1. Tell me, B:129, A:81 in order of fewest to most beta-carbon neighbours within 10 Å?
2. Give me the inter-chain shielding for B:96-103: mean count of other chain Cβ atoms within 10 Å, whole number please.
3. When Rg is the radius of gyration of the Cα atoms in the range A:72-144 and Rh is its Kirkwood radius, what does Rg/Rh come to?
4. Using the count of nearby Cβ atoms within 10 Å as a rough guide to exposure, how do B:100, B:91 rank from fewest to most?
5. 7 Å along Cα→Cβ for the label point: how many nanometres lie between residue B:107 and each equivalent label in the other copies, listed shortest first?
6. I need the inter-copy label distances for residue B:128: point set 7 Å along Cα to C-beta, values in nm with one decimal, smallest first.
7. Place the label 7 angstrom along Cα→C-beta at residue A:143 and in each other copy, then list the distances from the first to the rest in nm, shortest first.
8. Once you average over the residues of B:44-50, how many Cβ atoms of partner chains fall within 10 Å of each Cβ?
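No value in this document is a laboratory result; all are computed from the given coordinates. None of the values given here were measured: they were computed from a predicted structure. With ideal geometry, Cβ positions are generated from the backbone for all residues, glycine too; neighbour counts draw on all protein chains shown.
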DNA sequence: CCGTATCCGACATGATACTG
DNA sequence: CAGTATCATGTCGGATACGG
């Protein structure tokens, strides 16, 4: 395929209205960023997935999520709590016992996360192949 | 009783753990990370959303996505290309003309992104409120 | 127009030690 | 057990300048 065509560009030119929550693109922050930042960070999704299996204590989470440091687990779980996605409960026993569970809002997110996870699995092979193909075609040119 | 609890908008709804795409929870890295890293980074989603409206040239993307630097647009679009989510076409004109469009795989991701965007919009208010409530209840204690 | 190449600061994350 | 505090560091992303 040698695309020599400089004529009219094919396809629609407008962003579908249902995908443009900002109204205008010159307004970068429109709410979706907040959620995406949470979804995107290294550990939140793993915490959500783990909590989807039911309430967990701090140490249970840490053991379940391989590689997470105490500090990052604390931060992650605090941010999720702050956003109202996770409910933190402290039992005044000795030693203290704390458990975490998804709120209704958080549980709703799990459906999306689940869809994302399924999509990932479905396309994992294709993506891996695309990557190696790209790397083969562009030697020495590292992106990542 | 009266366990001290903070945060959370509604009562927790336990979700059955059919979410584990890895088979085992002690093995959290199973491909979903790759996709999440792409979803999670600052610009990929915005590029995908923009391309959902049809093919775009480099400058069009940059103008549409407010705040993105040339460097980051290049990197973002290259990574998406490498993953086989975006197709890059170079027309040998002078000056060069390049356009980007979603591949079939990339278009599939659009649906998920769209779902995520809708979820964000729906819960934006609740999240914002949860945050300010948290911040009110925990003064001086910043998480972000 | 469409990039690439550098430099650099800010922030996220990790390691470690300490507390209630 | 469930954190907090502190320090070190690696990466991300922005600004800028240059090149095809």
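1. On the way: B:129 12, A:81 23.
Lowest to highest Cβ neighbour count: B:129, A:81.
2. Details: counts 0, 3, 0, 4, 0, 3, 1, 2.
Partner-chain Cβ atoms within 10 Å, mean over residues of B:96-103: 2.
3. Values: Rg = 19.9 Å, Rh = 15.8 Å.
So for the range A:72-144, dividing Rg by the Kirkwood Rh gives 1.26.
4. Details: B:100 22, B:91 14.
Sorted ascending by nearby Cβ count, the order is B:91, B:100.
5. 3.7
6. 4.3
7. Nearest first, the other copies' label points are 3.4 nm away.
8. Values: counts 2, 5, 6, 0, 1, 8, 4.
Going residue by residue through B:44-50 and averaging, the value is 4.
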